Amino acid sequence: MARRDTGTDDPRVRVRAGRGSRPRTKDRPDWSAKPLGRIVGIDRGRYRVALDGDGTRVVAVRARELGRGAVIMGDRVRLTGDLSGRTDTLARIVAVEERASVLRRCLEDAPDQRGEKAIVANADTMCIVVALADPPPRTGMIDRCLVAAFEAGLSPVLVLTKTDLASPDEFIEAYEDFDVRVVLTSAAGQGSHRGVAELSEALSGHWSVLVGHSGVGKSTLINLLVPGAHRATGRVNEVTGRGRHTSTSSQAFELEGGGWIVDTPGVRSFGLGHVSVADVLGVFPEVAEAASWCLPLCSHSPGEPSCALDAYAAGASPFPIDRAAAGDAERVHRERASKVASARRLLEAVATAEAASKTTW
């Protein structure tokens, strides 16, 4: 075997063998008995973890073998290393437990990043924060968030902020058919914060995530729900009508009444490339059953010959109105038509997201 050129003739110089990419053994360590915690903060490669039991907060790094993106907000993880929580100490995340739910969005707004982005794991509630004015509300964003929530198995809560600037009646009526709780909030008047107590009660005992455009008031809500959170707040640009990103990292805050709320950086779009038509129709079981009569590849658009949803809404064959409800056929027609319209709105949100993704590429 030829001697390796070290750049010197001195025989005392030793050259360390190159590091291989294979592990030394196939027998990997068993981390199942290691302490368990939950990710409550992520910032530039550092993870804040709340330990089970005493709630000690430690700062940790992920083990190299986990890979980039393997740990996200809300994950339940196993740790080794220094778990004292003292300043300038580090723990190490060595395993991620199976997730009960994952809220995701597709990266249609980032041409240089393909695939999906996981926002939070193991949450059970999504707070969709929408300002009724300044910036103006966008129903398309709400519909996309609802689709993502239903696909991930999260219960949606529609939080309408700045209700002192515009009436919420139109929004409340638009989402009557959805299984979504609506909470009205306002900061009008000195010392007056309408709806914050109701929102706190709705989130108590839950792991919740706040989503919404920049400038709608997410950071303000966090500061009201969690005294001492000190999240930075900003103003809406008077020219563009858009908010400025004030939250630059994901962080979870513990509520006084129990539970946690995750504040995420504001998003300008919510891609739904990972959501199927079946996921959307599953929100309305009766509509999904009627859609089973449609021809394959049906878009379920109004007036499409192959779509059975119009016949369902009208009570035509093969969807006659039940005899028990025949005396109030007009009410049944209204309910069916309303549910079909709501389902088509969500389907349109998915189609719009898919079209935007294709345009991006």
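The values are calculated or read from the model by the stated rules, or taken from the named source; none is laboratory data. Predicted, not measured: the structure shown is a model, and the values here were computed from it. Using ideal geometry, Cβ is built from the backbone for each residue, glycine included, and neighbour counts are taken over all protein chains shown. For the accessible areas, the whole protein counts, side chains as well, though only heavy atoms, and no ligand, DNA or RNA atoms are used. Shrake-Rupley method; radii C 1.70, N 1.55, O 1.52, S 1.80 Å.
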Using label points projected 7 Å from each Cα along Cα→Cβ, tell me how many nm separate residue 198 and residue 28, to one decimal. 4.8 nm
When the solvent-accessible surface of protein heavy atoms is calculated with a 1.4 angstrom probe, in what order do 162, 34, 218 fall, highest first? 34, 162, 218
At a Förster radius of 35 Å, what calculated FRET efficiency corresponds to the Cβ-Cβ distance of residue 165 and residue 116, to the nearest 0.05? 0.50
Considering only the range 35-167, what is the antiparallel percent among its DSSP beta bridges, to the nearest 5? 70 percent
Computed label-point distance, nm, for sites residue 70 and residue 86 using a 7 Å Cα→Cβ extension: 2.9 nm
Using the heavy atoms of the protein chains and a 1.4 angstrom probe, tell me the accessible area per residue for the range 48-150 in square angstrom. 46 Å²
Net charge near residue 281: determine it from the other residues with C-beta under 12 Å of the C-beta of residue 281, scoring Lys and Arg +1 and Asp and Glu -1. -2
Quick check: pseudo-label points 7 Å beyond the Cα along Cα→Cβ at residue 276 and residue 254, how many nm apart are they? 4.1 nm
Efficiency of FRET from Cβ geometry, residue 292 and residue 328, R₀ 35 Å, rounded to 0.05: 0.85
What's the ranking of 146-155, 201-210, 176-185 by average number of surrounding C-beta atoms within 10 Å, highest first? 146-155, 201-210, 176-185
Computed lengthening from residue 316 to residue 299, 0.36 nm per intervening residue step minus Cα-Cα distance: 4.1 nm
